[in-house]
Amino acid sequence: MAFIQKCSALLILVAFALGLLLLPQQSISNSSRLPSAAEPQSANDVPAFHNEAPTGALPATMSPDNFSDPLAQNAYALAAHVKKVLYQEPCYCHCDRSQGHESLLDCFVSKHGAGCGICVREDLYSYEQTRKGKTPAQIRAGIIQGEWQSVDVSKYQTPPAATK
């Protein structure tokens, strides 16, 4: 009888320890997922952005010449054309938390945008939607819905002169 009690206690202890190991792993994997078009983000999950256009001058984006990758060159070249729009857009790589960015524009004022596929896609999405006549608020709604994920980056793989 004592043997059965010891085995039961050990089994319960192992199950409890296993539960503790699996619980944090689920939280980490769920929090690192990217937003998708099928799963709109709640208002609490939207990264930092500005609701209105800036009242003063904006900082310059980094020069495309600082980068050897054609995609990064294009992203920075196009970001320079839509700075006021990027100022009003969130960035779903959550650099607002990790680097203190206040909007998508901050990614292209620094080197951060060159190394981040999320920033690049959101930048290209913002540029494309601006060319279609969308307002920054409409573009922001699209970004929040995850529409930036469908941007075809392959057409931006050639040097900037070919995409202007």
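Every number here is computed from the coordinates shown, using simple stated rules; none is lab data. Because the structure is predicted, anything quoted here is derived from the model rather than measured. All Cβ positions, glycine included, derive from the backbone under ideal geometry; neighbour counts span all protein chains shown.
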Spacing of the two label points (7 Å from each Cα toward its C-beta) at Val46 and Ala137, in nm: 1.1
Distance between modelled label sites at Gln145 and Leu58, nm, 7 Å Cα→Cβ extension: 2.2
Segment Asn66-Thr158, extension gain: residue separation times 0.36 nm, minus the distance between their alpha carbons: 31.5 nm
Using θ = phi - 60° and Karplus 6.51 cos²θ - 1.76 cosθ + 1.60, couplings along the stretch 77-89 (whole Hz; Gly, Pro as x): 4, 6, 4, 4, 7, 10, 4, 5, 6, 4, 4, 9, 10
Coordinate range along principal axes, alpha carbons of the stretch 65-153, Å, largest first: 31, 27, 22
Anchor Lys111: aspartates and glutamates whose Cα lies under 20 Å away (excluding residues fewer than 8 positions away in-chain): Asp65, Asp69, Glu89, Asp96, Glu102, Glu122, Asp123
Sum of side-chain charges, Ala57 neighbourhood, beta-carbon under 12 Å (Lys, Arg +1; Asp, Glu -1): +2
Taking the stretch 65-153 and dividing mean pair separation by its residue count, relative contact order in percent (alpha carbons under 8 Å, at least six apart): 31
For the stretch 140-156, 3J(HN,Hα) per residue [Karplus equation, 6.51 cos²θ - 1.76 cosθ + 1.60, θ = phi - 60°, Hz, x = Gly/Pro]: 4, 4, x, 5, 4, 6, x, 5, 4, 5, 8, 5, 8, 6, 4, 6, 10
Nearest-20 debye value, the stretch 65-153 charge dipole, Cβ charges on Lys, Arg, Asp, Glu: 240
